[in-house]
Every structure is written in structure tokens, then in C-alpha cells.
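Participant: Have a look at this one.
Taken together, the values in this text are just the output of simple stated rules run on the coordinates, not laboratory data. What you see is a predicted model, and the numbers here were worked out from it, not measured in a lab. Reconstructed Cβ throughout: ideal geometry from the backbone, glycine too, with neighbour counts over all protein chains shown.
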Amino acid sequence: MFCSVGRAKVAALALVAAAAMAVASDALADQRYFTYSYEPKVLPKGATELEQWATMRNGRDNGLYARWDVRTEFEAGLTDSLTTAVYMNAKNVFVKRLNADGSMTDSNVMSFKGFSSEWKYKLSDPTADALGVLLYQEFGVDRREWESETKLVLGRNFGDVIVAANSIFEVEGKGTVSTTTGEVGADYKTELEQTFGAAYRSGQNAFGVEASVRTEREDGEFQDAAVYIGPTLHTARESWWATFTLLTQATDHYADHERTETRLIVGIHL
């Protein structure tokens, strides 16, 4: 009888441990191993997460240039395949230029950049299926400005090796008013981006590489692409995770694209 009770206790403990592992697995289901490439993953139904983004962009042709983009995101799993999120966005830009007459001009402007709504729908899983596929749509609005960002997210997990690729189409619009006629119009900017990421996971940590290829459409034609590449680092604990990426431009398109970009994302399971 003692043996039966002992076996029952062991079985009960095993069930508790399995349940705890399942909960932990669900809580970490949407942790990110990259900061520029999404993976085809969503939060489990009912799970919520808070993410804090900080991106620093440095260096352009027009002198000393530094820009901070800060985003605060609240994300929720609606179903096991559908996740939604709301972002609050802010930006700070510092520019210092040398004028033709030898004088210096500088500006330092911080601004609130409105809100964004994100939707992610997972079609297939990167571990259970041959190829993970996710559809991503984001809308943002800030007074007279708006943007739409559409992504096709692909990924595959080969054991501890994680691979992801994103195809991104972004349109930004801004309302305009003519100073001479008072006519109301709009300016549009279109950008295409392709991102890649590969990382090796060791326990709760991971390291890898990310790359980004970007081009903008101006005057009806797409400009030469800017190429970025750099390392990415990831760590996770029971209630939070953090991922850091440093990208350096491998091309020389510094008029409209920064020389370096640094991004940190911290996620907290709620």
C-alpha cells in the first residue's frame, strides 16, 4: 500500500511538473530571437505581453545625425493562431549641420508619433510543419500622417537553429496643404524591405546574425538598395526576454539611410 501511495505521489508530481513546463512553454511561445525579422509565431490564446522597443539610428551625409525611435507595445493572443497588439510611438531626432558660410546649425526635436495597430495570423508552425508561415498587417496614425505595413513572414526551426525571412511592403502618407492655393493633398512614400535572420539557441540564450535590404520609391522609380548586416543576441528568463541587434550599412547610401542601427526589445510576460 505504501508503494501505491508513493507511486501516486510521484505521478501527481510528474503531472504538476508537466503542467508547469507547458505553462512556461506557452509563456515563452512568442519571445523573439531577432529584432528586425519576425518569426511565424503568435501568443497562445489568452496570453498577454508587454514589449518595450528602443532603436537608435546614427550617421547620414547631412552632418551629425542621431535618431531614437521608442515603441511601447501591448500584445494579446486572441486565438492560438491570431494575435493583436497596440503600439504607442515616439521619436527624437538630433541633427547638426555645417552650413556653406561655415556656421553650424543644430536641432533636437522630440515628438509623439501616434498609435499603431498590429495583427498577426499564423498559417503554419515553424517547428511542427515543413515551413512556418505568418501574415502580418500593421496600421499607424499620427494626426495628418498614416502608414500601412504588410509582411509575409517565413521561418523554420531546425532543432536549436532558428531561421526567419520577412518580405515587407510599407506605404507612408502625409496630408499636405498648399501655401499658395490652400489646396489639400497628400504625399506618399513606398518602401520595400527584405530581412533575414539565423540564430543558434543554447539553453535560454541565443546568438546569430541579421540582414536587411531596403529600397524606397521616389518619382515613380525605386532607388538603389541599402544593405545592412550585423550580430544579434538573445536571452530569456521565466518572466521576461530581451533581444539586441547591431546593424551596419554595407553599402554607401547615406543620404536617406543611416550608417548604423541599434535595436533592443524587452518583452515581459503579463
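Participant: Would you please name the trypsin sites (Lys or Arg not before Pro) within region 131-232 that are DSSP coil residues with at most 14 other C-beta atoms within 10 Å of their C-beta?
Facilitator: In loop regions of region 131-232 (DSSP not H, G, I, E or B), the sparsely surrounded trypsin sites (Lys or Arg not before Pro) are ARG143, ARG144.
Participant: Given the Cα-Cα distance of ASP187 and LEU82 and 0.36 nm per residue of separation, how much length would full extension add, in nm?
Facilitator: Working: separation 105, 0.36 × 105 = 37.80 nm, distance 3.28 nm.
Extra length available between ASP187 and LEU82 comes to 34.5 nm.
Participant: If N is the number of residues in region 97-156, what value comes out of its Cα radius of gyration divided by 2.2 N^0.38 Å? Present the calculation step by step, with values, prior to reporting the outcome.
Facilitator: Details: Rg = 20.6 Å, N = 60, 2.2 N^0.38 = 10.4 Å.
Normalised Rg, Cα atoms only: 1.98.
Participant: Identify the GluC sites (Glu not before Pro) of region 99-191 meeting these criteria: DSSP loop state and at most 10 other C-beta atoms within 10 Å of the C-beta.
Facilitator: Here the GluC sites (Glu not before Pro) that fit, given the DSSP loop and packing criteria, are GLU183.
Participant: Now for a separate question. Return the FRET efficiency for the residue pair GLU172, ASP106: r is the Cβ-Cβ distance, R0 is 41 Å, and the value is rounded to the nearest 0.05. Don't skip to the end; give the middle numbers.
Facilitator: Working: r = 26 Å, r/R0 = 0.63.
It comes out at approximately 0.95.
Participant: Under 20 Å from the Cα of LYS189, which lysines turn up, not counting those fewer than eight places away in the same chain?
Facilitator: Answer for LYS189, where 20 Å is the Cα cut-off: LYS91, LYS113, LYS151, LYS174, listed by chain and number.
Participant: Where Lys and Arg each count +1 and Asp and Glu each count -1, what net charge lies around HIS253 among other residues with Cβ under 11 Å from its Cβ? Walk me through the numbers before you get to the answer.
Facilitator: On the way: positive: ARG60, ARG214, ARG259; negative: ASP61, GLU216, ASP224, ASP252, ASP256, GLU258.
Here the charged neighbours net out to -3.
Participant: Would you list which aspartates and glutamates come within 19 Å of LYS45, measuring only between C-alpha atoms, while excluding same-chain residues fewer than 8 positions from it?
Facilitator: Partners within reach: ASP26, ASP30, GLU73, GLU75, ASP80, GLU118, ASP125, GLU238.
Participant: What is the sum of charges around ALA164, taking Lys and Arg as +1, Asp and Glu as -1, for the other residues whose C-beta is under 14 Å from the C-beta of ALA164? It would help to have the intermediate numbers written out before the result.
Facilitator: Working: positive: ARG32, LYS41, LYS120, LYS122, LYS151, ARG156, ARG201; negative: ASP30, GLU39, ASP125, GLU193, GLU210.
Taking every Cβ under 14 Å from that of ALA164, the sum is +2.
Participant: Just add up the charged neighbours of THR35: K/R +1, D/E -1, any other residue whose Cβ is under 11 Å from the Cβ of THR35.
Facilitator: Cβ neighbours under 11 Å give a net charge of -1.
Participant: Measure nothing but the geometry: give the 0 to 90° angle between the long axis through the Cα atoms of 2-27 and the longest principal axis through the Cα atoms of the chain, rounded to 10°.
Facilitator: So the helix axis and the longest Cα principal axis differ by about 10 degrees.
Participant: Extending each Cα 7 Å along its Cβ direction at ALA255 and LEU270, get the distance between those two points in nm, one decimal.
Facilitator: 4.4 nm
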